[in-house]
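The values are calculated or read from the model by the stated rules, or taken from the named source; none is laboratory data. Since this is a predicted model, take the numbers as computed values, not measurements. Cβ sites come from the backbone with ideal geometry, for glycine too, and all protein chains shown count toward neighbours. Areas reflect the complete protein model, heavy atoms only, side chains present, ligands, DNA and RNA absent. Shrake-Rupley method; radii C 1.70, N 1.55, O 1.52, S 1.80 Å.
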Amino acid sequence: MAVAVTVVLFASGLALGYRELVALASTGLATLAAAAGWMAVRPQVRIVRRIEPARVTEGGAARGLLAVTNTGTRRCPPFLAVETVGGRRVRVAVPSLAAGETREVACLLPTDRRGIFPVGPLTVGHSDPFGLFHAARSYPSQARLTVQPRPESVLPPPTGRSRETDGRTSAAAPTGGVAFHSLREYVRGDDLRLVHWPSSARTGTLLVRHNVVPHEPRMVVVLDTSAAPYTDDSFEEAVRVAASLTVAAFDGGLPVDVRTTSGARFAAERGLSARGELLDLFAAAHRGEDDPGLPALLRLGSAGDGAALAVVTGAPVPAALGAVTAVRRQFAMLSVAMITSERVAAPAGAFVVNAATSGAFAAAWNRAVAVR
């Protein structure tokens, strides 16, 4: 556009004999030449990106840190870099750098919605002071930002059993408890205080007592990820509720098995640092039209001794709720969170809490669990 205006002014001035138009055209030509000269000095930079932290809760602070090195032989002009985060653009102003200089610049990344977002590619833009020309170069390297749902403060889901020190045990139960389960052969490293000397003398083999933690409650949390029971907003609330119940159970010391009806799964044993991985599953959750929904519960099978089930859904149809009732006998306790403002019939034999939002659910859940 600027080139066209300059040419028109120059031609008009010559044709009509107006020196003023020729002077304006000359000024425009000088400006274009200066802008072109500025653009010839493009930034020659190397950029290394990192994200701190790479995993954050909704609304938390996450920064993109760009280590920018001027690889040219002369000072590079200031320029604008544009970072792409899950389809959204974040602008980063980079100051002028001397030859060989490295400087780290930071930008805040958007964390207002949960998800696992690709970060990149990074685009470096360069324009002249007059805004006449613009050039851009893309750096294809990518990173990943995980924004986890924000859990509400809730009481752990009821398990239907207590952690007793006596009673029925199983070989799959965690070791290190005080309840005797069986005798087994001694292996290097076993505590000699556990040797059962009478049985060892009788069999001629060194035997030790295999002690376990009996009646270890285990929590299975299932998030309904089918499309029908939700709106976009209510699904986000349901994800927060499922994350809240999971965190409450995990922080309460229970082994937790998290699943979605689409087939995603992550299990964390008691005492392991897997809280982040549990919430990552919810960060990636999305609802789908082809998701089977609550009928997928029928494929859970027997969850084993001591397991409790917590199901999070929206406003499912009665036929889908029938699957919840069908699996009731397979678990020591069944809790159902229905995130909806509609009145939905509660499945028989389940501990049910209805609420429209995660905040309202937390308040209603805590009141209901406290009086159980």
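Just a few scattered comments:
- In segment 62-95, the residues that are of a type in the set (Lys, Arg) and more than 22 Å from Pro110 (Cα to Cα): Arg74, Arg75
- Cβ-Cβ under 7 Å pairs, at least 6 apart or on other chains, segment 49-70 side among the aromatic types (Phe, Trp, Tyr), far side open to solvent by less than 10 Å² (accessible area, probe 1.4 Å) and part of a loop (DSSP other than H, G, I, E, B): none
- In summary, Leu321 fulfils each of the numbered conditions (1) closer than 23 Å to Arg218 by Cβ; (2) surrounded by 20 or more Cβ atoms within 10 Å (Cβ to Cβ) with the single exception of condition (1).
- The residue pairs whose first member lies in segment 313-332 and is under 15 Å from Arg299 (Cα atoms), whose second member is open to solvent by less than 20 Å² (accessible area, probe 1.4 Å) and β-branched (Val, Ile, Thr), and whose beta carbons are closer than 7 Å, counting only pairs six or more residues apart or on different chains, are Val324/Val311; Val324/Val336.
- Considering residues of segment 129-145 that are at pLDDT 80 or above and open to solvent by 10 Å² or more (accessible area, probe 1.4 Å) only, the residue farthest from Phe282 (Cα to Cα): Gln142
- Among (1) modelled with pLDDT of 90 or more; (2) β-branched (Val, Ile, Thr); (3) open to solvent by 10 Å² or more (accessible area, probe 1.4 Å) - the single one Thr225 does not satisfy: (3)
- Qualifying position, being part of a strand (DSSP E or B), in contact (Cβ under 8 Å) with a residue 24 or more places away in the chain and open to solvent by less than 10 Å² (accessible area, probe 1.4 Å), among Val208, Val239: Val208
The rows are residues; the columns are (1) outside any loop (DSSP other than H, G, I, E, B); (2) under 24 Å from Met333 (Cβ atoms); (3) at pLDDT 85 or above.
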{"site": "Pro156", "(1), (2), (3)": "no, yes, yes"}
{"site": "Gly160", "(1), (2), (3)": "no, yes, no"}
{"site": "Ala172", "(1), (2), (3)": "no, yes, no"}
{"site": "Arg184", "(1), (2), (3)": "yes, no, no"}
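- Ser244 vs. criteria open to solvent by less than 10 Å² (accessible area, probe 1.4 Å) and of a type outside the set (A, V, I, L, M): yes
- Residue within segment 305-321 that is part of a helix (DSSP H, G or I) and either under 16 Å from Asn354 (Cα atoms) or out of contact with any helix residue (DSSP H, G or I) (no Cβ under 9 Å at 6 or more places or on another chain) (or both) present: yes
- Of all residues in segment 253-296, those satisfying the criterion of being of a type in the set (D, E, K, R), surrounded by fewer than 17 Cβ atoms within 10 Å (Cβ to Cβ), in contact (Cβ under 8 Å) with a residue 12 or more places away in the chain and not in a helix (DSSP H, G or I) are Arg265, Glu269, Arg270, Glu289.
- From Ser335, Ser341, residue being open to solvent by 30 Å² or more (accessible area, probe 1.4 Å) and either modelled with pLDDT under 90 or not in a loop (DSSP other than H, G, I, E, B) (or both): Ser341
- Scanning segment 304-318 for residues being over 17 Å from Val220 (Cα atoms) and at pLDDT below 90 gives a total of 3.
- Phe250 part of a helix (DSSP H, G or I), at pLDDT below 95, touching a Leu at 6+ places or on another chain (Cβ under 8 Å) and open to solvent by 20 Å² or more (accessible area, probe 1.4 Å): yes
- Residue count, segment 90-128 (criterion: among the polar types (S, T, N, Q), modelled with pLDDT of 90 or more and surrounded by 16 or more Cβ atoms within 10 Å (Cβ to Cβ)): 1
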